[in-house]
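Just so it is clear, none of the values below were taken in a lab; they were calculated from the coordinates. Quick caveat, the model's predicted, so the values are computed rather than measured. Here the Cβ positions follow ideal geometry from the backbone for every residue, glycine too, while neighbour counts run over all protein chains shown.
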Amino acid sequence: MIVETFAQFSKMLTNLSNILDKAQKFADQKKFDSVNLMNARLAPDQFNFIRQVQVACDTAKFGAARLTGIDAPKFEDTETTLAELQQRIRNTLEFLSTVKPEAFKGWESKKTLNPRREGKYLPGDEFLMQHAIPNFYFHVATAYSILRHNGVEIGKMDYLGTITYRDL
């Protein structure tokens, strides 16, 4: 389950990258600077588009790091353009591709720490189910929704990506 979870995170980040491509094409077709999308949000108290993508990437990389004990790369959170967000996604995917399945050995009971929850931990299986998976999908879906709300022509299949059904 754990290896498949991070494979799915990688797939979803690839889908998000494809969605960002569509956002750039939309801005080009409508003749506006795509930077206008960067600070868009669905509600005044919600993270903007940039932060949604940053947190999705961070959730994937820190999730893998916390469940394996491998150090995650540090990203500076300085992105201001779609191209820079694309690079962050590529950097995250590159890191995830280096995490070998055997590195997850014992992940279920590994104490996962979160700097925002000082003095507290979750066992790996609870961390994955209660934090990493829902947090990752929340931020990817919100990034998608911000772009869709702003007129980017994307749909459910852009979000889901290719699904490889099998013959009966």
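The table below lists the values:
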| quantity | calculated |
| --- | --- |
| Environment charge at GLU76 (Cβ cut-off 14 Å; Lys +1, Arg +1, Asp -1, Glu -1) | 0 |
| The chain: relative contact order in percent, alpha carbon pairs under 8 Å with at least 6 residues between | 34 percent |
| Choice from PHE104, PHE62, PHE75 with maximal GNM fluctuation in the chain (Cα, 10 Å cutoff) | PHE75 |
| For segment 16-94, fraction of C-alpha pairs farther apart than 21 Å, in % | 32 percent |
| Set of aspartates and glutamates with alpha-carbon distance to LYS31 below 17 Å, sequence-local pairs under 8 removed | ASP21, GLU153 |
| Radius, Kirkwood style, for segment 2-160 when every pair of distinct Cα atoms is counted (Å) | 16.2 Å |
| Fully extended contour minus Cα-Cα distance, from LYS25 to ALA83, at 0.36 nm per residue | 19.7 nm |
| Residue pairs, from the table LYS61/LYS100; LYS61/LYS105; LYS22/LYS74; LYS74/LYS100; LYS11/LYS61, whose Cα atoms sit over 23 Å apart | LYS22/LYS74 |
| Förster-model FRET efficiency, 45 Å R0, ALA43 and TYR165, C-beta, rounded to 0.05 | 0.80 |
| Residue among ALA43, ALA23, ALA83 with the largest mean-square fluctuation in a Gaussian network model of the chain, springs linking Cα atoms under 10 Å | ALA43 |
| Anchor LYS111: aspartates and glutamates whose Cα lies under 17 Å away (excluding residues fewer than 8 positions away in-chain) | ASP71, ASP125, GLU126 |
| Centre separation in Å (Cα based) which lies between segment 29-74 and segment 101-168 | 13 Å |
| Selection from CYS57, HIS131, LEU67, by position along the positive dipole direction of segment 2-160 (Cβ) | HIS131 |
